[in-house]
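Where a number appears in this text, it was derived from the coordinates with a stated rule and is not lab data. These figures come from a predicted structure and were not determined experimentally. Neighbour counts run over all protein chains shown; Cβ positions are idealised from the backbone, glycine included.
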Amino acid sequence: MNCVEFEIQLAKLKSGANPGVEFLEHKSQCPKCMELASRADELYHFIADDAKKTVSPFLSTRIMAELDKKALEVHISIQKAWQIAAVSLALIAGFNLALFMDYRQSPTDADSVLSEYFFAGNAGMEIENNWLKLSTDEE
Ligand SMILES: [Zn+2]
């Protein structure tokens, strides 16, 4: 038996089955195949031990609870996003309304009349003219 045949035989080997004389002979002569066989044994033992372990009967309940919690978190974050969007829209609407109101009030707004007056470039002249006009009107 060569190494390739050994590996094929090892892969086909069922737990507890007799591998045959040639297989055991090659295993005792070839260090590489001995290592391979012992690793396969370790793996089979690990799988067998793991299969024996009992799973908590509440495991599925715990998994489902965890999944529900995650779903709830997503739901809450979507709710928060909607709340933020609603507040943002309200703020934008309020701001636009304030601008609209300001625009409507602007002709009578004292501040805008004053700023228009002082940014006109000839503020001093107008004051003088108005004063002159007033003083001439009084006469
Ligand atoms: Zn070998």
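Miscellaneous remarks
- Distance between the 7 Å Cα→Cβ label points at Leu99 and Ala11: 7.3 nm.
- If you take all other residues with their beta carbon under 15 Å from the beta carbon of Glu73, and give Lys and Arg +1 and Asp and Glu -1, the sum is +1.
- Under the simplified labelling scheme, the Asp50-Val4 pair shows an inter-label distance of 3.1 nm, with each label point 7 Å from Cα along Cα→Cβ.
- Applying a DSSP loop filter and a limit of 13 other Cβ atoms within 10 Å to the chymotrypsin sites (Phe, Trp or Tyr not before Pro) in the stretch 32-94 leaves Phe58.
- Across the alpha-carbon atoms of the stretch 3-53, the computed radius of gyration and Dmax are 11.6, 36 angstrom.
- Compared with the direct C-alpha span, the chain from Leu59 to Lys80 gains 4.4 nm at full extension, assuming 0.36 nm per residue.
- Other residues whose C-beta falls under 13 angstrom from the C-beta of Ser28 contribute a net charge of -1, scoring Lys and Arg +1 and Asp and Glu -1.
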